[in-house]
Amino acid sequence: MDLSTIILPEHVFVGLSAPTKWRALQLLSSKAARCLGLDEAAVLQALEGRENLGTTGIGNGIAVPHAAIAGMTRPRGLMVRFGQPVDFQAIDDVPTDLAFILLFGENGRSEYLNVLAAIARRLRAEGVLPAMRQAKTADELYSVFMSDSI
């Protein structure tokens, strides 16, 4: 799975700020709508609906808000590092500083799972997560995440 076709360099943001998970979802919806040419209200509604089913905070300071969006033909995503961690109510109670927003077509749920697995593999690679947390710029964050070796 080539994550560089799903998360583009210009879809990476460092230093975003939100006081709550719900404000973070609004901010992320706005960024995703602008980057991907989608309707912001539709993205927000889909992300909030998914979050209401259960937290997308997967632990270790990482969240993966995700949702199906009508009309999308392939998965697309954004990567965000918050300036201050946000409480996504993850199972380990660790606030989220890194978020991956994944949007996919209504018929692309299995493809989404492949993307999620690829992200998880990348984050488990030795040195990736600490280097992502120390990246100074969006370009550096993207490079660290996409590199094959740190």
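The values are calculated or read from the model by the stated rules, or taken from the named source; none is laboratory data. Being a predicted model, the structure only gives us computed values, none of them experimental. A quick note on method: Cβ atoms are made from the backbone with ideal geometry, for glycine too, and the neighbour counts reach across all protein chains shown. Areas reflect the complete protein model, heavy atoms only, side chains present, ligands, DNA and RNA absent. Shrake-Rupley method; radii C 1.70, N 1.55, O 1.52, S 1.80 Å.
Below, the figures for the structure above:
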| item | result |
| --- | --- |
| Simple label model, 7 Å out from Cα along Cβ direction - Thr137 to Ser17, nm | 2.2 |
| Difference of contour (0.36 nm per residue) and Cα-Cα distance, Arg124 to Glu106 | 3.6 nm |
| Surrounding net charge for Ala70, when Lys and Arg each add one and Asp and Glu each subtract one, Cβ distance under 13 Å | -2 |
| Beta bridges by DSSP in the range 64-150, antiparallel share as percent, to the nearest 5 | 70 |
| Heavy-atom accessible surface of the chain: percent carbon and sulfur, 1.4 Å | 50 |
| Where Glu126, Glu106, Glu51, Glu40 fall by accessible area, highest first, once all protein chains stay in place (1.4 Å) | Glu126, Glu106, Glu40, Glu51 |
| Asp92, Asp139, reordered so the largest accessible area comes first (probe 1.4 Å) | Asp139, Asp92 |
| Label-to-label distance, nm, for residues given as Asp93 and Ser4 (7 Å Cα→Cβ offset) | 4.1 |
| Cα centre as origin, Lys/Arg/Asp/Glu Cβ charges: the chain dipole, Debye | 60 |
| Fraction in percent of alpha-carbon pairs per bin - 10 Å, the range 1-117 | 15, 51, 32, 2 |
| Helix-only CD estimate at 222 nm, as mean residue ellipticity for the chain, using -39500 (n - 2.57) per DSSP H run (n ≥ 4) | -13000 deg cm²/dmol |
| The chain - percent relative contact order, Cα under 8 Å, separation 6 or more | 27 |
| Residue-normalised accessible area of the range 1-57, given per residue in Å² at a 1.4 Å probe | 49 |
| Inter-label distance for Leu113 and Ser30, nm, one decimal - labels placed 7 Å from Cα along Cα-to-Cβ | 3.5 |
| P(r) of the range 58-150 over all Cα-Cα pairs, binned every 5 Å from zero, in whole percent | 3, 13, 22, 23, 20, 13, 5, 1 |
| Most positive-pole-ward Cα, Leu103, Pro130, Leu113, against dipole of the range 86-138 from beta carbon charges | Pro130 |
